[in-house]
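So the structure is just underneath, and the comments pick up after that.
Only the coordinates and a few stated rules stand behind these numbers; no lab work does. Nothing here was measured: the structure is a model prediction, and the numbers come from that model.
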Amino acid sequence: MPDTSLPRLLGLRGIAVGLAAALFTMPLIGLPTAVVPNRFFVRMTPTRPQDYLFLALTALLVGLIAATYAAPQGSSLPGGEGRLGGGGLLSFLAIGCPICNKLVVLALGIGGALRWFAPIQPLLGGASLMLLGVAAWSRLRALRVGCARRAPL
């Protein structure tokens, strides 16, 4: 039976790409949502502990998914792009300041953004992590199945 441990499946290149993708995702989502403090974006509501958690878990899962694309035989595997994009967008909405999102304020007003949108942000974060988790799981499963099929008898 072939060794299908995660480091063996991903290879050195996959691990390096995964780490780079995770490190790139943190500022990509964290800066415009002002979870990562910066001088370009100002948050109108305080950052909540869940925002840091969703940001860290999103970066971890995006890194894992990216690693599967860089793994040997990884680019030829099916799927995950839609879930990756959807999960990233939901994570951005879950982490962001509810009254800083112009589309939400336009649709609901400031009061509605705080009263209706802010309470569902944890649900958006959970949905984001589920989409990203399913994408990572399906890509890793496909890698493992591919390795098992290529193994000599």
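Some notes on this structure:
- DSSP H segments from the chain that extend 18 Å or more along their own axis, Cα-based, with Kyte-Doolittle mean of 0.0 or above: 6-30, 49-70, 81-95, 118-150
- Angstrom value of the Kirkwood radius, inverse mean 1/r, which spans all Cα pairs in the chain: 16.6
- The sum of -39500 (n - 2.57) across all DSSP H runs of n ≥ 4, divided by the residue count of the chain, sets its helix-only mean residue ellipticity at 222 nm to -24000 deg cm²/dmol.
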